[in-house]
Amino acid sequence: MRSFDQVASVLNAVGMASAKEEPLDKGALCRELEIEPQSLEMLLEELERVGLAWFEFDEDGKEVFPYLATAGSQYLAARGEIPAEVLHFLPGTLDDLHARRALIAGGAVLVDQFRYALLHGDGVEHAKQLVPDAFVGAVDKDLVLNLFAAAVALMARLSSNSPAGCLAEEIIAVALLREASAWIDMEAEEGALSIEEAERASTELSCIYDLFGDSDVLYLFEMEEPSDAALAGHSTINRMAGVADQRLEAWFEPFWTAAATGYLDERKEAGSEGDSPDG
C-alpha cells in the first residue's frame, strides 16, 4: 500500500462523495496529492483490490461513484496499522478487517491442533470433533489423513481468495468458523474489540458461504446417520437446487473449481457406473 496519509486522503474523499452520492472528483484529488491521473487510477485499483473501497462508473463510463467499505473505515481508524496479509485475505468476500484476522488466526489454530493430534496419535479422536455427528463412526486413519490435507488445502485456497475445493474442505470450514468465532470472543473479552465490533465481525464470518456459493454443507450437521446423505441425494428438491453429493465417498471428489490432484479423488463423470446422469 502507499503511505497512510495518501491513502487516507483518498479514502476520506471517497467517504464524503459516497455520503453525498456524488461522483469522485479525481481532478481535485490529483491536485491535492500532487500526482498524475494515472497514479491516482492505480491507487484506486489498489484500494478496490484489498476491499477498502468500491467504484462504479456511470452509463457513459466517465464519472466514477465511490463507496467506502467498512474495511476502509476500519483501516482509517487503525491509521493504516493493518498487516498486509489481512488486507489481502478474502477482500472481495469479507468487508470487515476483524473478521479477516479472525479467519487467519482460526486457520492457524485449526491446522496446528490437527497436526499436534496426528503427531501424538490422537488424530482419529480429534477428527471426530470436526466431522458431522452422523459420520463420527466412519472416522478411521485413512479419513483422518485426508481431512488433515483438506484443512491445509482449505487455508491455502482461502489465502488465494479461492473457494473450497471439495465437500471435505467445506466441512473443515465449519470448524474454521468456530475457531474464528472463538478468537473474536477472546478479543472482545480482552477489550481489543468492542461489543459492536465483535458482533459485526462474527456476522461477517458467514459470508464465507457466499464465496462457496451456498451453505449446503450445513445439512450434513443436521443428519443423524450416514444413510441420510444417500437419501438426500435422491431428493428431487435437492437435485433441482443443485445440492452436491454429500455421501462420505464423495467428500473428496473435487468441485469444478479444483483440479483432481493431490489428495482429491478423480472427478466422477455424469452417467458413470453407480451415478445417475444428474447426480
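What follows is calculated from the coordinates using simple rules that are stated; it is not laboratory data. What you see is a predicted model; the values in this text were computed from it and never measured. So basically every Cβ, Gly included, is an ideal-geometry build from the backbone, and we count neighbours across all protein chains shown.
The count of lysine pairs in the chain whose Cα atoms are under 26 Å apart, excluding pairs fewer than 8 places apart on the same chain, comes to 4.
If you work out semi-axes √(5λ) of the Cα gyration tensor in Å from the coordinates, which of (1) 32, 20, 16; (2) 41, 23, 16; (3) 28, 24, 16 do you get? Read-out taken from this structure: (2). Spatial offset of the stretch 10-57 relative to the stretch 144-220 amounts to 32 Å, using the alpha carbon center of each.
If the chain between Glu196 and Glu22 were fully stretched, how many nm would it gain, using 0.36 nm times the residue separation less the Cα-Cα distance?
Working: separation 174, 0.36 × 174 = 62.64 nm, distance 2.91 nm.
Here the answer is 59.7 nm.
Under the simplified labelling scheme, the Asp5-Leu119 pair shows an inter-label distance of 4.7 nm, with each label point 7 Å from Cα along Cα→Cβ. Going from the residue with the fewest nearby Cβ atoms within 10 Å to the one with the most, Lys62, Lys141 rank Lys62, Lys141. Measuring max minus min along each principal axis, the C-alpha atoms of the stretch 97-250 give extents of 48, 41, 29 Å (largest first). Amide H contacts under 5 Å for Ala53: Glu48, Ala69, restricted to partners 5 or more places along the chain or on a different chain, H placed in the peptide plane at 1.01 Å from N.
Fully extended, how many nm does the chain gain between Gln38 and Asp58 (0.36 nm per residue separation, minus their Cα-Cα distance)? Spell out each step's value before the answer.
Numbers: separation 20, 0.36 × 20 = 7.20 nm, distance 1.95 nm.
This chain segment gains 5.3 nm when fully extended.
Compared with the dominant principal axis of the Cα atoms in the chain, helix 37-49 is inclined by about 30°. What do you get for the angle between helix 141-159 and the principal long axis of the chain? Use alpha-carbon atoms, 0 to 90 degrees, nearest ten. The angle comes out near 10 degrees.
Can you compute the FRET efficiency between Gln129 and Asp214 using 1/(1 + (r/R0)^6), with r the Cβ-Cβ distance and R0 = 25 Å? Round to the nearest 0.05.
On the way: r = 24 Å, r/R0 = 0.97.
The computed FRET efficiency comes out at 0.55.
Against the chain, whose longest principal axis comes from its Cα atoms, helix 97-119 is set at around 30 degrees.
Once the chain from Arg31 to Cys207 is taken as fully extended at 0.36 nm per residue, the excess over their C-alpha distance is 59.5 nm.
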